[in-house]
Amino acid sequence: RDVMDMEVKPQPSRPRWYERHVQPCVAELLGSALFIFIGCLSAVEDSGGTGRLQPALAHGLALAVTVAVLGDI
């Protein structure tokens, strides 16, 4: 078989060091900071009758927002 008949598949480019190391660390830092800040704030601002529901909902919504915003990283 001739070399000219073979299809050449392009090699996928390797991610750069920034994409491999820095971006995941920044995403983890931002996600954890948002998650802890929102969760602690909801526990401090407890309005009496909500009990465990308010912090649970705040943690769940903070996690959902974090995944939606930083999910591509």
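The values are calculated or read from the model by the stated rules, or taken from the named source; none is laboratory data. This is a predicted model, so every value here is computed, not measured. No Cβ is skipped: glycine too gets one built from the backbone with ideal geometry, and neighbour counts run over all protein chains shown. Only protein heavy atoms, including side chains, enter the accessible area calculation; ligands, DNA and RNA are left aside. Shrake-Rupley method; radii C 1.70, N 1.55, O 1.52, S 1.80 Å.
Here's the yes/no breakdown for (1) open to solvent by 100 Å² or more (accessible area, probe 1.4 Å); (2) modelled with pLDDT of 80 or more; (3) in a helix (DSSP H, G or I):
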| position | (1), (2), (3) |
| --- | --- |
| Glu19 | no, yes, yes |
| Val22 | no, yes, yes |
| Gly31 | no, no, yes |
| Phe35 | no, no, yes |
| Cys40 | no, no, yes |
| Gly49 | no, no, no |
| Leu61 | yes, yes, yes |
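Within region 1-26, residues that are under 23 Å from Leu70 (Cα atoms) reach partners that are modelled with pLDDT under 80 and surrounded by 10 or more Cβ atoms within 10 Å (Cβ to Cβ) with beta carbons closer than 7 Å, at six or more positions or on different chains, in the pairs Gln23/Ile73; Pro24/Ile73.
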